[in-house]
1. Could you state the angle between the C-alpha long axis of helix A:78-91 and the longest principal axis of the C-alpha atoms of chain A, as a value from 0 to 90 degrees rounded to the nearest 10?
2. How many Lys pairs in chain A lie less than 18 angstrom apart by Cα atoms, where the lysines are 8 or more positions apart or on different chains?
3. For peptide A:123-130, what's the mean number of Cβ atoms from other chains within 10 Å of each residue's Cβ?
4. For chain A, find the longest principal axis of its Cα atoms and tell me its angle to the long axis of helix A:2-24, 0 to 90°, nearest 10.
5. 222 nm [θ] for chain B, helices only, -39500 (n - 2.57) per DSSP H run of 4+, per residue, to 500?
6. Quote the Stokes-Einstein diffusion coefficient, in whole µm² s⁻¹, for the protein assembly as shown, based on the Kirkwood radius over alpha carbon pairs, a temperature of 25 °C and a viscosity of 0.890 mPa s.
7. Per the Debye formula with a single identical scatterer at each Cα and no solvent contribution, what log10 I(q)/I(0) holds for chain B at q = 0.10, 0.12, 0.22 Å⁻¹?
8. Quantify how strongly other chains surround peptide A:80-88 by giving the mean number of their Cβ atoms within 10 Å of each of its Cβ atoms.
Amino acid sequence: MRPFSKLGLALSLLLLFSTACQQQAELPILSPKDDRGSFLPVPDFSFVNQDSMPVSRATFAGKAYVADFFFTSCPTICPVMAQQMLRIQRHFSGDSRLLLLSHTIDPGRDTVPRLKTYAENLGAIPGKWHFVTGDKDSLYDMADDYYNLVVEDQNLPDGFDHSGRFTLVGPKGYIRSYCNGTSPEEVGQFIKDIETLLHEMEDATAQH
Amino acid sequence: MKWKTLLLSISFGTLFILASCRDDPYKQGRILYQNFCASCHMDDGSGLAGNIPPLAGADYVAQHQEALACIIRYGMEGEVVVNGTTYNNPMEGIGALSDFEITNVINYINHSWGNDYGYMTYGEVKKALANCSED
């Protein structure tokens, strides 16, 4: 009996360590690479948020953030996405290292005051969740950079085809995870990814 | 002895069918709701904080039964107060639904998520739709 139980102990310890390691695992970097094989961070941008404040990459320096694309009058997937973004905001409401960035893809109608009303009604925390508008082409280009699909299509009921993806960007501007923002299950896993990234950021500050 | 077994299986069979019918009495209404309404009002009828009113436990739905059919067909605009919160986002009408389908959607909403707002008959919905004030 004794050697058997020793083996059992060793095995369960091994199991414990391996699962503990799994939780600490780093997220992969999903950004594209340049010719020399270095990862490319998300390019800089210049938009205006619901409080008429400029928002650029500098706004997110050293922070993690979730980016998505929406518009306020969207009758299809946006309300569900907004509800899931709210869920993420709620989950990380006390952690200033995570910010949220929602881009309108309908800058013609989504003016700053309109974004302001929408954000306030939702209960978006000022300074944490930015709703931005700006030059239409720049907004659509950024969608590409966040691996989001946004196409204007007048044949669709809301005039747009967009993929509803949430993209997680790390403190160095690299894309670290993404999910389907209309699927509560996927967003659940995405929240775990955000936690992993925040742990990783803790470790990085501890090292320096 | 055999007829007893037969009788038993028939009565169990009937019970089973009745039970499964009771499970989903608003099938068409539920499917239509999920296809045309849930993306904004959500599967659980909770709406979207501050921007889209809830239908679950909504005083407005309970108190404006006669207006629901017209809202579903033609949409609505302007301010609406639901459970003390003011909402002001336009809702598009769903022109694709027939009078009969609208009746089923209303009865699904009236009996989902804890709602118990009674029944609208096809006749009542037809009458309401004939008198919608289009503005």
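FYI, it's all coordinate maths here, none of it is from the lab. Keep in mind that what you see is a predicted model, and the values were worked out from it rather than measured. Using ideal geometry, Cβ is built from the backbone for each residue, glycine included, and neighbour counts are taken over all protein chains shown.
1. 50 degrees
2. Numbers: A:LYS33/A:LYS172; A:LYS63/A:LYS128; A:LYS63/A:LYS172; A:LYS63/A:LYS192; A:LYS116/A:LYS128.
So the count of such lysine pairs works out to 5.
3. Numbers: counts 3, 2, 0, 0, 0, 0, 0, 0.
Mean shielding count: 1.
4. 20 degrees
5. Values: 7 runs with 72 residues, N = 135.
Calculated mean residue ellipticity at 222 nm is -16000 deg cm²/dmol.
6. Numbers: Rh = 23.5 Å.
Using the Kirkwood radius from Cα pairs, D works out to 104 µm²/s.
7. -0.39, -0.52, -1.43
8. Details: counts 6, 1, 4, 6, 0, 0, 2, 0, 0.
Mean inter-chain Cβ contacts per residue within 10 Å come to 2.
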